[in-house]
Amino acid sequence: MELPEKSLEIQHIPEPYLEFGHGQVCDHPKDGLFLYGPHEGQPKSQTISVGVIGTIDGIAHFKTWAAKATALVPIPPRGERDKENRLHLSDFPGLEEAFGLVIDPRVVARAIDGKELDERTRTLNHHEAVRAAVDLFLAEIDAHGRNEEQKIDVWVLALPEIVFERCKPQSKRTGLGLTKGSFGKQQKARTELPLLAGVLDQSEEGIFDDVPDFHRQVKAKLLKVGIPSQLVRETTLSPDSFKNSAGYNTRRLQDAASVAWNLATGLYYKTQPKPPWKLAHVRPGVCYIGLVFKLIPNHPQQHACCAAQMFLSEGDGVVFRGANGPYKTSEHEFHLKGPEAKNLVAMVLRTYMEKHGVPPTELFIHGRARFNDEEWDAFKDAAPEGTTIVGVRIRTTGGEVKLFRDGDYPVLRGTAMILGKASAYLWTSGFLPRLDTYIGPETPNPLHINIQRSTGAMPEIKTVLSDIMGLTKINYNACNYSDGLPVTIRFADKVGDILVMGSAKDADRQPFKFYI
């Protein structure tokens, strides 16, 4: 019997490889670093200078963690319910053995008063409370810069749990015993006093230009001065030091070896000129851009900030800030005006040419929304002869398409359902034969990939899918085998969240490492 519809083509996109030291390639960052070291590794171990800010206890937790990270951190013993082979876990061999890094034993420790932090985070107005907590930490960086000569490669902020509990936008501070500050509890925006503009000093109301989020405010303030930072909770550094009334750890975390891999990867990325690994076998002259849109808080006309994240085959990324404007066109779509679109892509191309001396041959623009005629024409105007621009829409799905297979695990990562020459579903999450498991909570949903436009010949859909698979492996804020989203999309919200902060106003282009 002939079925009324043809079966859709199912393909498997091979796992991309990464390049490490001595030009060696491997598909797993942990194995690659263990066997070959970083791809731009120093011939000798390099000492990095670390400054740590926290309470006395927080500083002690970081120093204890740093001391342990100099040696082997083993994975935990196998439990009764664990599989015989736990390929998803890897011993951490040590900071110097994996990354060629040594933390300068003269760690600069700057202590804050835990009691004062508690008092500041009890301030009645939430914006005021968060700003006061941020200022308490960042004042130590200012003081070090004014009074000390030792250069710091990265500042680590060891955060007590009260920062996590009280200094986020949705924090519940019920029952804390709040204390009155300069502003009322309900104020969330600047006071509009146009007749008294220039008469009253309203500079303190600048706190309402920022979202009351400790992490975002720290990143936004340090963005303008170009200081890399690593924020980490005390409970991450020393989980066994924090027990609940039943005697269990207050937080369920990854094992100590995985935490060490992740923190060490972040320290390397933020202190070295090149990332620890890069994509292997990438076509020469290819460049990827992820477009970022984010509404500006409290803007009366709902203007949005726009930025472009550029990622090269070498793995390093740069964020370019575009002009703010009325870009929101519907509930879930933003579109640039022609001049702003041309200027943004022109900034990216200039930087590429500064690095390589020639323009890219292929420029892929990834976005969540469609590209309209006005912005596409502007992209074309900005591109020099010889550069093909390709617009790709990448959309997460919510369960409208599922694939199942026999067995206990879902479909393989890399499974693709080809819908046509320019469209496909791609499972970037799924069973990983390399790790013999699926790392996820439920049956995975695919990404919907659509090649929308090209100034040259339309690329093969499998080429675009392969590129996207590669971009899921260059998250340098962790040491994961892969992510579910390509880096061009995954960090779009995080970058946008920081750029819309008032504290980040006028921040120029910066390497991606300052945003994470």
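The values are calculated or read from the model by the stated rules, or taken from the named source; none is laboratory data. The model shown is predicted, which means the values in this text are computed figures rather than measured ones. Here Cβ is always computed from backbone atoms with ideal geometry, including for glycine, and neighbour counts include all displayed protein chains. All accessible areas refer to the heavy atoms of the entire protein, side chains included, with ligands and DNA or RNA removed. Shrake-Rupley method; radii C 1.70, N 1.55, O 1.52, S 1.80 Å.
Structure notes:
- Heavy-atom accessible area per residue - region 56-141, 1.4 Å, Å²: 51
- Ranking ARG86, ARG395 by solvent-accessible area of protein heavy atoms (1.4 Å probe, all protein chains present), from largest to smallest, gives ARG395, ARG86.
- Extents of the chain, taken as max minus min of Cα coordinates on every principal axis and listed largest first, are 76, 66, 50 Å.
- Accessible-area value, TYR438, 1.4 Å probe, nucleic acids and ligands omitted, Å²: 40
- Violating pairs (Cα-Cα greater than 26 angstrom) within the set LYS188/LYS294; LYS168/LYS513; LYS172/LYS473: LYS172/LYS473
- In summary, no helical segment of the chain meets the span-like criteria, namely a full DSSP H run, a Cα extent along the axis of 24 angstrom or more and a mean Kyte-Doolittle hydropathy of at least 1.6.
- Of all accessible heavy-atom area on the chain, the percent that carbon and sulfur account for (1.4 Å): 49
- Length gained on full extension, THR437 to THR70, computed as 0.36 nm times the residue gap minus the Cα-Cα distance: 129.2 nm.
- Simple spin-label estimate for HIS22 and THR174 gives 6.0 nm between the two label positions (7 Å along the Cα-to-Cβ direction from each Cα).
- Distance between the pseudo-spin-label points of ASN372 and GLN186 (7 Å out from Cα toward the beta carbon): 3.8 nm.
- Coil-residue GluC sites (Glu not before Pro) of region 41-137, DSSP, other Cβ within 10 Å capped at 13: GLU80, GLU84
- Packing-based order for 235-248, 456-469, using average beta carbon neighbours within 10 Å, highest first: 456-469, 235-248
- Solvent accessible area, Å² - ILE227, 1.4 Å probe, full protein context: 40
- For region 92-223, a Kirkwood radius taken over Cα pairs fed into Stokes-Einstein (25 °C, viscosity 0.890 mPa s) yields D = 143 µm²/s.
- Grouping the Cα pair distances of region 79-150 into 5 Å bins from zero gives a pair-distance distribution of 3, 12, 13, 11, 9, 10, 10, 11, 12, 7, 2, 0 percent in increasing distance order.
- Taking the square roots of 5 times each eigenvalue of the Cα gyration tensor of region 251-325, largest first, gives ellipsoid semi-axes of 31, 23, 10 Å.
- Placing one equal scatterer on every Cα of region 379-495 and applying the Debye formula, the log10 ratio I(q)/I(0) at q = 0.13 Å⁻¹ is -0.56.
- For GluC sites (Glu not before Pro), the sites in region 301-383 that DSSP calls loop and that have at most 14 other Cβ atoms within 10 Å are GLU331, GLU333.
- Excluding ligands, DNA and RNA, the accessible surface per residue across region 245-338 is 41 Å² with a 1.4 Å probe.
- Over 29 Å (Cα to Cα) - which of LYS151/LYS219; LYS180/LYS494; LYS219/LYS278 fall in this group: LYS180/LYS494
- When its C-alpha radius of gyration is set against 2.2 N^0.38 Å (N residues), region 29-180 gives a value of 1.34.
- Solvent-accessible heavy-atom area per residue, rounded to whole Å², over region 351-497 at 1.4 Å: 41
- Rounded to 0.05, the FRET efficiency of the GLU354 and HIS281 pair, given R0 = 22 Å and the Cβ-Cβ distance, is 0.30.
- Straight-line cross-link partners of LYS6 among the lysines, defined as a Cα under 30 Å from its Cα and at least 8 positions apart when in the same chain: LYS402, LYS421, LYS462.
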